[in-house]
Amino acid sequence: MKTQVERLGDVTRRIHFEVSAERIRSEMDASYRKLKGRVRLPGFRPGKVPREVLELRYSRQVRAEVVSSLVQEGWEEVQPDLRVQGRPQVEEGSFDPGTGFTFTITVEVKPDLQVEDYRGLEVTWPEVEVSQDQVEAALRKRLEQASRIVEAPADAVVGPGHIAIAEVLLKDGEEEVAHEIGTAVRIGQDPYLPGVDDLLQGLARGGEREGEVRIHDTSELESLKGRTLQAYVKIHDIHETRAPELSDEVARELGFEGGASALRDAVREEVRRPLEERARHTARQSLLRQIVDAHPIEVPKSQWDQQTELLVLERKVLHQYAGHAPGTLDLGPEVMAQIRDRALYATRASLLLEAIAGQEGITVSEDDMERAYQRIADERGQRVEAIKGYLQREEGAVDTLRLRLLEEKSLDWLLEQARPKGDAPAAEPPAEAPEKKRATRAKKPAPEAAAPEAEAPRKKRAPRAKKAATEPEGGQE
């Protein structure tokens, strides 16, 4: 089988296949021999049906089988040398046992990139400052974990956050609906008698009050939920939750052997960590934006479409998570144009980071994958074996995770090479080639662009023959 690869831009290849007449006849003979052994026709003994009769009744079936087999064989022959992205499209040409068979497969591929000028870029790191107020606020929250229920001061009156120990009598006309001699009512958050707490507020110990109350629909008591009742309440006692003052003893109760100073240092670090992570994220995004803006590469439309679908799904999930009905999400032309722009940016960023990883020898090890599995399991509160099993069952999920880790490692590496804004540029290493114009060019391939050895191509499903199939249109931005 002869093959010729035609380059249609950086991301599209059309492969022309030519099968000799001799090979066609051989394949058809083999197919008819198999058919002859299994068909049963009236008037003929098993295995004795003449070839002419078989051709008359089964020529279309045999032709389809031979075409499918040859397309499969041709695809398997060329696919390992292509970084396939998306579904291949097959177009049949002539099929004649006397002259042979021709067909073409058009497929999108990842561009074969040589990224330049990405070391030593300037990047602004947002300054991270932890104020004393932030530390004190976080420390109060931490101390609240050690809060205790204590009696409120003698002159206290019931207010938000208090626990009122009270007699509660509820009546519907003359009917007594509920009567608690001494029940604890959490003011503002009681699960059983929400609404009664409004009547309790402002009373001191020994105080009593009558009035009409409506039991809120949030009540866990089905017999009372939503009902409007006459109520009588009397306060027996008032409790409150009180956080302890910071001390070495309290700090040790919270697990800090170093006492109050160790707790304060830990809290300060807890406040600082997300701020530093946010600053790092901002710096990485700034760096990535510079690289993407400097390299307006062509991307495979199928990959762009896939990224668009992911962003649409993300928007739908967030919309529903915010409590909105699914049908109320605005995905009109303007919104979709914004999503397409984001998807194009994300696709270019992914391809450029992958190319940089190849140029710098950045790889994802099995240890990296194991740590990622464990992190996902921890985030979801599941066993790591369950996470691994799920990802391995989902087609392409493991490869997608590996690619995401590769992008993360590449971004981290780029950030290490970057210089804070305002610093003098570092001298180029002697091994560097002379400075070139900032651009990303597709490498001039040999007759066929082969996939880099650093990335083994994924096995793709063989295309099905489809008459006059065409590649989907869609311009790059």
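Whenever a residue of the range 69-80 is surrounded by 14 or more Cβ atoms within 10 Å (Cβ to Cβ), its partners that are outside any helix (DSSP H, G or I) and of a type in the set (Phe, Trp, Tyr), lying with C-beta atoms within less than 6 angstrom and at least six residues away or across chains, give the pairs Gly74/Phe17.
Checking each residue in the range 21-45 for being touching a helix residue (DSSP H, G or I) at 6+ places or on another chain (Cβ under 8 Å) and either among the hydroxyl-bearing types (Ser, Thr, Tyr) or at pLDDT below 90 (or both) picks out Ser31, Tyr32, Leu35, Lys36, Val39, Leu41, Phe44. The residues of the range 234-278 that are among the hydrophobic types (A, V, I, L, M, F, W, C) and either in contact with a Gly (Cβ under 7 Å, 6 or more places away or on another chain) or without any contact (Cβ under 8 Å) to a residue 60 or more places away in the chain (or both), listed by number, are Ile235, Ala251, Phe256, Ala260, Ala262, Ala266. Taken together, the residues in the range 335-381 that are within 20 Å of the chain's Cα centre (by Cα) and in a helix (DSSP H, G or I) amount to 31. Considering the conditions (1) touching a residue at least 40 places away in the same chain (Cβ under 8 Å); (2) touching a helix residue (DSSP H, G or I) at 6+ places or on another chain (Cβ under 9 Å); (3) part of a loop (DSSP other than H, G, I, E, B); (4) surrounded by 19 or more Cβ atoms within 10 Å (Cβ to Cβ), Ala231 is excluded by exactly one of them, (3).
Considering the conditions (1) assigned to a loop (DSSP other than H, G, I, E, B); (2) modelled with pLDDT of 85 or more; (3) of a type in the set (Asp, Glu), Glu432 is excluded by exactly one of them, (2). Kindly indicate which of Gly188, Gly206 is closer than 30 Å to Ala154 by Cα and in contact with a strand residue (DSSP E or B) (Cβ under 8 Å, 6 or more places away or on another chain). Of Gly188, Gly206, the one residue that is closer than 30 Å to Ala154 by Cα and in contact with a strand residue (DSSP E or B) (Cβ under 8 Å, 6 or more places away or on another chain) is Gly206. Only a single item in (1) in contact with an Asp or Glu (Cβ under 9 Å, 6 or more places away or on another chain); (2) of a type in the set (Lys, Arg); (3) free of Cβ contacts under 8 Å to residues at least 60 places away in the same chain; (4) closer than 30 Å to Ala262 by Cα is not met by Arg186, and it is number (4).
Condition check: over 30 Å from Gln290 (Cβ atoms), surrounded by 15 or more Cβ atoms within 10 Å (Cβ to Cβ) and either at pLDDT 90 or above or in contact with a helix residue (DSSP H, G or I) (Cβ under 7 Å, 6 or more places away or on another chain) (or both). Does Ala146 satisfy that? No; evaluated as a whole, the condition is false for this residue.
The residues in the range 68-97 that are under 35 Å from the mean Cα position of the chain (by Cα), assigned to a helix (DSSP H, G or I) and charged (D, E, K, R) can be counted, and the count is 3.
Could you look through the range 1-49, keep only residues that are closer than 30 Å to His295 by Cα and of a type in the set (Val, Ile, Thr), and pick out the one that is surrounded by the fewest Cβ atoms within 10 Å (Cβ to Cβ)? Top of the filtered list is Val5. Per this entry, Glu240 is not counted among residues that are surrounded by 13 or more Cβ atoms within 10 Å (Cβ to Cβ) and in contact with an Asp or Glu (Cβ under 7 Å, 6 or more places away or on another chain). Annotation: of all residues in the range 313-334 being in a loop (DSSP other than H, G, I, E, B) and on the phi < 0 side of the Ramachandran plot, the one that is surrounded by the most Cβ atoms within 10 Å (Cβ to Cβ) is Leu329. The residues listed here are Glu222, Glu276; of these, the one that is surrounded by fewer than 16 Cβ atoms within 10 Å (Cβ to Cβ), at pLDDT 85 or above, of a type outside the set (Lys, Arg) and part of a helix (DSSP H, G or I) is Glu276.
For Ile215, indicate whether it is touching a Gly at 6+ places or on another chain (Cβ under 6 Å), at pLDDT 90 or above and surrounded by 16 or more Cβ atoms within 10 Å (Cβ to Cβ). Here the answer is yes, as Ile215 does meet what is asked. One residue is enough: does the range 53-63 have a residue meeting the conditions under 30 Å from Val5 (Cβ atoms) and either touching a Leu at 6+ places or on another chain (Cβ under 7 Å) or of a type outside the set (A, V, I, L, M, F, W, C) (or both)? Within the range 53-63, one or more residues are under 30 Å from Val5 (Cβ atoms) and either touching a Leu at 6+ places or on another chain (Cβ under 7 Å) or of a type outside the set (A, V, I, L, M, F, W, C) (or both). Of all residue pairs spaced 6 or more apart or on separate chains, those with beta-carbon atoms under 6 Å, a first member in the range 199-224 that is over 15 Å from Glu176 (Cα atoms) and assigned by TED's automatic domain parsing to the domain that holds Asp155 and a second member that is hydroxyl-bearing (Ser, Thr, Tyr) and assigned to a strand (DSSP E or B) are Arg214/Thr228.
The values are calculated or read from the model by the stated rules, or taken from the named source; none is laboratory data. Please read all numbers here as calculations on a predicted model, not as lab measurements. Because the Cβ atoms are built from the backbone with ideal geometry, glycine has one as well, and the counts that use them run over all protein chains shown.
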